[in-house]
Amino acid sequence: MPNLFLYRNSLPYLLAGFSVFAYCCVRAILLDITTDESYTVMYYASDTWNEVLTNIQKPSANNHILNSILVKLSSYLFGFKVFAIRIPSLCALILYITFSYKLSKLIVQRKTLVFLSFCILISNPYLLEMFSLARGYGLSLAFLVTSIYYLLKYLHNSKKTVNLVLALFLLLLAVYSSFIIINVWLAFAGFLFIFQVFVVKTGLFKTLGIYLAFSIILTLIIWEPVRVNIAHNEFYYGGVLGIVFDSIYDLFMCLDYDNVMGSNYFAFMPGIFFSIFFISIFSIFNSVRYKYINNNMHINLFAITIILFIVLASIGTQFTLLGTPVAKARTALFLFPLMLLNLMALVSCYFQADVTKAKSNLIIVQIFSGLCLIFIFHDISSWQITHSPYWRYNAENKKIIRFIQSSASKLGYRQNQFQSASTSRLERVLPYYAKYYSEFKFFKYQILPNIDNKPLYYILYDDSDKQIDSLKQVLTPIQSFSISHITVYIDSSALPTLK
């Protein structure tokens, strides 16, 4: 009976986790490769181990090193086909789902709200997108939430040093997956110092000694690729308007995913989360003042709020003093689970407060449940399996190539008798398909504006560009692709010379 009861309680979580995993698997199977993924395969995962680990010949922040390592390893078994290169990210999703569940139980504890907390952590389609593509962001998110889980376990029982070791090891993997997580690494240092000095007041040298040992290891493995990328100005992606507009508002625009809820979502949600964040700061000051900090719920809030504060301060300081672009869009995505965990920890603290009455409990439950239901409804209604919004122009790569081949065949051309031209967004995708897919092996292409032989077909985007617009005037459109906003044109004047 106890086992049956446990299974029945776990069933909703299993169904939710399986649904999310199935959704990402379907996307990993159906979505065409994106430009960034093809770059990873063509320039790193299929190159030497030295290039994967150092970027020495082809410096680029595109090389999410741990992701490239895992893609290269998986290629020995499965090759470089699209689904095969996404297997490491799908495996990371299992880790993310598992520890989102564990964190929800550890932080919230109140059974009526644990399931809702779990669902908001795993349901957003923009976050899930990073687990269905061969990029390092999904890996970094999985290792980040797992690291936070073990950090909180360590804070609850500082005698179990193994939990701190696991937390730092997993965070090291998160940084190795995406260098932007270095801000969380710095935040861990600041938090551990504050916690050991002002809260527990013991074990400072042991804790910082373990942190220093892992910091040395991290420095050794990322020094060369970071040095090379800085020397070649490769860390250019990010915002220049500051944390509020680029890291927060822009992140919520991305989380809205294809603008499902419109401006209301990213206009109000950042304000809600900033309010929660400031209430959390006020609450931890009260916790320290009235010595609630020994309670696990208050420790959770203290840890997550301080870490989030130091992360934002780190990003802002680098932007102000060094001119470093602030985290934006997918590079700021790691802030989202931290914000959600902050919300969950704050709600749990108010349930634990002595002054909280039953009526107050009910109000908190209703507000938290309402926020969760808004998130979940928004997220699930945004799920789709047709394209990646950021890489929308890659949504129909294979369909476009097959159409061109079919059109040329009807005109009497064999595959190696004609050429196509494209703008630079397909510069890395076309060679990927030509190399790893036999049906596209003889597909010839050139990248505008550098063309030698006169192409027969032109793959052009519908967005405005003076050079492209003038080119369109002398071409004949023959097929439009609505999802990717691409139109295929034919150059009628090339027909006589190519036949």
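Looking across segment 313-325, just one residue is crowded, with 21+ Cβ neighbours inside 10 Å and under 20 Å from the mean Cα position of the chain (by Cα), and that is I315. Of the residues screened, I221 is one that is assigned to a helix (DSSP H, G or I), in contact with a helix residue (DSSP H, G or I) (Cβ under 8 Å, 6 or more places away or on another chain), surrounded by 14 or more Cβ atoms within 10 Å (Cβ to Cβ) and modelled with pLDDT of 90 or more. Please verify whether segment 406-420 includes one or more residues that are within 32 Å of the chain's Cα centre (by Cα) and either closer than 30 Å to Y23 by Cα or surrounded by 13 or more Cβ atoms within 10 Å (Cβ to Cβ) (or both). Taking every residue of segment 406-420 in turn, none turns out to be within 32 Å of the chain's Cα centre (by Cα) and either closer than 30 Å to Y23 by Cα or surrounded by 13 or more Cβ atoms within 10 Å (Cβ to Cβ) (or both). Pairs meeting the criteria (first residue in segment 451-476 and closer than 18 Å to I400 by Cβ, second residue open to solvent by less than 70 Å² (accessible area, probe 1.4 Å) and charged (D, E, K, R), beta carbons under 7 Å, at least 6 apart or on different chains) are P455/D491; L456/D491; Y458/D491; L460/K472; L475/D491. The helices (runs of 4 or more DSSP H) located wholly in segment 11-126 that include 3 or more residues which are open to solvent by 30 Å² or more (accessible area, probe 1.4 Å) occupy 49-54, 65-78, 87-107, 111-122. Looking only at residues of segment 244-265 that are over 18 Å from the mean Cα position of the chain (by Cα) and among the aromatic types (F, W, Y), we find that the one that is modelled with the lowest pLDDT is Y265.
Within the bounds of segment 232-243, is there any residue that is surrounded by fewer than 19 Cβ atoms within 10 Å (Cβ to Cβ), more than 30 Å from L53 (Cβ to Cβ) and modelled with pLDDT under 85? Taking every residue of segment 232-243 in turn, none turns out to be surrounded by fewer than 19 Cβ atoms within 10 Å (Cβ to Cβ), more than 30 Å from L53 (Cβ to Cβ) and modelled with pLDDT under 85.
F143 passes every criterion in (1) among the hydrophobic types (A, V, I, L, M, F, W, C); (2) in contact with a Leu (Cβ under 6 Å, 6 or more places away or on another chain); (3) over 19 Å from I97 (Cβ atoms) apart from (3). Whether any residue in segment 389-408 is part of a loop (DSSP other than H, G, I, E, B), touching an Asp or Glu at 6+ places or on another chain (Cβ under 9 Å) and of a type in the set (V, I, T) is what I want to check. No; the residues of segment 389-408 include none that is part of a loop (DSSP other than H, G, I, E, B), touching an Asp or Glu at 6+ places or on another chain (Cβ under 9 Å) and of a type in the set (V, I, T). Residue check: is S275 without any contact (Cβ under 8 Å) to a residue 40 or more places away in the chain, over 23 Å from S140 (Cα atoms) and in a helix (DSSP H, G or I)? So S275 passes the test.
Mind telling me which of the residues T207, T202 ends up being polar (S, T, N, Q) and modelled with pLDDT under 90? So the residue among T207, T202 that is polar (S, T, N, Q) and modelled with pLDDT under 90 is T202. Can you say whether S132 is polar (S, T, N, Q) and either more than 22 Å from V165 (Cα to Cα) or open to solvent by 10 Å² or more (accessible area, probe 1.4 Å) (or both), as far as the supplied structure shows? It is true that S132 is polar (S, T, N, Q) and either more than 22 Å from V165 (Cα to Cα) or open to solvent by 10 Å² or more (accessible area, probe 1.4 Å) (or both).
Scanning segment 292-312 for residues that are modelled with pLDDT of 90 or more, open to solvent by 30 Å² or more (accessible area, probe 1.4 Å) and more than 26 Å from H64 (Cβ to Cβ) turns up just one, F309. Residues that are outside any helix (DSSP H, G or I) and surrounded by 12 or more Cβ atoms within 10 Å (Cβ to Cβ) within segment 195-218 comprise just one, G203.
Looking only at segment 154-173, decide whether some residue is charged (D, E, K, R), touching a Ser or Thr at 6+ places or on another chain (Cβ under 7 Å) and open to solvent by 20 Å² or more (accessible area, probe 1.4 Å). Checking segment 154-173: not a single residue is charged (D, E, K, R), touching a Ser or Thr at 6+ places or on another chain (Cβ under 7 Å) and open to solvent by 20 Å² or more (accessible area, probe 1.4 Å). Of the residues screened, I374 is one that is of a type in the set (V, I, T), open to solvent by 10 Å² or more (accessible area, probe 1.4 Å), within 30 Å of F278 (Cα to Cα) and under 23 Å from the mean Cα position of the chain (by Cα). Cβ separations smaller than 7 Å between residues 6+ apart or across chains give the following pairs from segment 365-390 residues that are over 23 Å from F115 (Cα atoms) to residues that are assigned to a loop (DSSP other than H, G, I, E, B) and of a type in the set (V, I, T): T386/I483; H387/I483; S388/T34.
Counting the residues of segment 324-335 that are part of a helix (DSSP H, G or I) and within 16 Å of F309 (Cβ to Cβ) gives 2.
The values are calculated or read from the model by the stated rules, or taken from the named source; none is laboratory data. A quick note: this is a predicted structure, and the numbers were derived from the prediction, not measured. Every residue, glycine as well, gets a Cβ built from its backbone with ideal geometry; the counts of neighbours run over all protein chains shown. Heavy atoms of the whole protein, side chains included, go into the accessibility calculation; ligands, DNA and RNA do not. Shrake-Rupley method; radii C 1.70, N 1.55, O 1.52, S 1.80 Å.
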